[in-house]
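All remarks here apply to the structure that follows.
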Amino acid sequence: MFKTQNLYQNDDKWKNTKLGNSNETIGGWGCLLTSVTMMLNGIGYSETPETVNEKMKKAGGFQGAFFIPSVLPYVWPNCAYRDMQPCESFPAPIAQIDAAVAAGKPVILQVDWNKQAGTQTHYVLVKDKKGDDYVIYDPYKYSGDGPDTEVLLTSRYKYNGRTLESEIFAVLWFDSYSAAPPEPPKVTKVAVPAEQYCLYATEDDLALRADPSIGGYLWKRMVAGTQLISLEPRDTAKAKLGVQGKWIQVQDPNGDQGYVAAWYVSDQKESPASSSTSAPAAVISSPQGASTAAAPTAPIAPAAQVPAGALALFPTTILAFRTKPVIDPSTVIRNIAVTEQLVSLEPANTAIPKIGVEGQWLQVRDASNKQGYVAAWYVKYASGSTAQAQAAAAPAAGGPVTVKATCEGVALRKQPVISDATVIKRVPINYEFIVNEVGGEAKVGANNQWIKVKDPAGPEGYVAAWFVAR
């Protein structure tokens, strides 16, 4: 069971507040925002939809009215966003949801809120399992709802077969690092040196901690490129850069102070800190379960060509990037954060069977265009997609053929190539494109194909066929 207090998007206190960076309101469109607020309160925070809305806006957590769950850990460090798993075209993963709920973990579900044709998207938070149904915290308050009202999912949302497998269209998986965030320590601020020495985060998810250790209280996480001011003398801080096991006391752009891992900062913006072999290597925990000592960066082979239809991937945990598909200290290049996108250098038809399979390895390119190997059992498809093959439906007679995104963040690209440079925009789940090539609908679900499409909002481009459905 997941315990929290039911909040409602249509509460008079905030229902007319504009949602994100849009003219929509929390009352009309804030179901995911409100479900997330309840989730955050259940893991130890004290928020309202209005406060979460403002904090996410400041953190870049909205694209217009669209909520970006992956930003949450940067604002609330005790929150871990694991995945968004679409399941509109196949049965929902009930066994996995049951296991999460039984463990007291928060799970948010996408459902269809009325009987009109198509999906009328609504999000709810699961409270508990009851028989063959889920008791839910519904963020929309209907007549008769209240703190003691029990709401069952398929009693209220029942337009697609009235079973859990058919009524759930997507699952958002969350976790927390502790039952409740620990009490923050009391600290005395340090004066900023007159001669400022600036440092920059070289990785996403860089932690600002109260103490110079991995166990230190976590103040926040920061994205790559965040500018920091060293609170230590220049020479002292500079000697630590890139050294495993060393920590530097810093102040972030908001004036918050703490310690950061010296091996994840640099005094050159957009330039990684160089590894130092002059200090003893710290022992770090490897995702593969072995203890591995940090080693100097090994030579990397010339970059391989990215295949057509290349898969974009994300780690599911901090992941070792290796020179060879072998678990050994000598093969470690560096650790990759869960927010760093990787690109498979293997064709989709050979990469897909390996995803999530223990003992399998993938050759990939990292965010800095270096190539290496990662454990395939610790990666997932970008945006949590499962690249399930979809059966192409027959085109509607006399009308345009459309396809829709099957997961959050599907990219519309200038060219059929996975690269930041080709992205025109990213769209939310169920966003529709018009197929702009003869026979393009026949590619839907193919793991190595691209479809030329037109965005109803204007631009033309390409989408990965394995991230769309009819």
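The values are calculated or read from the model by the stated rules, or taken from the named source; none is laboratory data. Because the structure is predicted, anything quoted here is derived from the model rather than measured. Cβ sites come from the backbone with ideal geometry, for glycine too, and all protein chains shown count toward neighbours.
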Checking the structure you have, find out if any residue of region 86-96 is of a type in the set (Ser, Thr, Tyr), closer than 26 Å to Glu47 by Cα and either assigned by TED's automatic domain parsing to the domain that holds Tyr157 or at pLDDT below 85 (or both).
no
Restricting to region 419-470, what's the tally of residues that are charged (D, E, K, R), in a strand (DSSP E or B) and within 21 Å of the chain's Cα centre (by Cα)?
2
Condition (residue is in contact with a Gly (Cβ under 9 Å, 6 or more places away or on another chain) and at pLDDT 80 or above) applied to region 278-287: is it met by at least one residue?
no
Identify, by number, the condition in (1) of a type in the set (Gly, Ala, Ser); (2) on the phi < 0 side of the Ramachandran plot; (3) at pLDDT 90 or above; (4) touching a Ser or Thr at 6+ places or on another chain (Cβ under 9 Å) that Ala80 doesn't meet.
(3)
Which condition from (1) exposed (fewer than 13 other Cβ atoms within 10 Å of the Cβ); (2) in the same structural domain as Lys115 (by TED's automatic domain parsing); (3) in contact (Cβ under 8 Å) with a residue 40 or more places away in the chain is the one that Asp145 breaks?
(1)
Within region 417-443, which residues are at pLDDT below 85 and of a type in the set (A, V, I, L, M, F, W, C)?
Val417, Ile418, Ala421, Val423, Val427, Ile429
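For residues in region 177-209 being at pLDDT 85 or above and either touching a His at 6+ places or on another chain (Cβ under 6 Å) or within 30 Å of Lys3 (Cα to Cα) (or both), which is surrounded by the most Cβ atoms within 10 Å (Cβ to Cβ)? Before you say what the answer is, go through the steps one by one.
If we filter region 177-209 for residues that are at pLDDT 85 or above, which is where we start, we get 188-201, 208-209.
If we keep only those that are either touching a His at 6+ places or on another chain (Cβ under 6 Å) or within 30 Å of Lys3 (Cα to Cα) (or both) too, we end up with 208-209.
Details: Leu208: 24, Arg209: 19.
Across region 177-209, the extreme among qualifying residues is Leu208.
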Would region 228-236 turn up any residue that is over 28 Å from Thr316 (Cβ atoms), buried (at least 17 other Cβ atoms within 10 Å of the Cβ) and of a type in the set (Ser, Thr, Tyr)?
yes
Filter result for the condition that a residue is modelled with pLDDT of 80 or more, touching a Ser or Thr at 6+ places or on another chain (Cβ under 6 Å) and hydrophobic (A, V, I, L, M, F, W, C), over Ile355, Ile333
Ile333
Somewhere in region 51-63, is a residue in a helix (DSSP H, G or I), loosely packed, with under 15 Cβ neighbours inside 10 Å, at negative phi and among the β-branched types (Val, Ile, Thr)?
yes
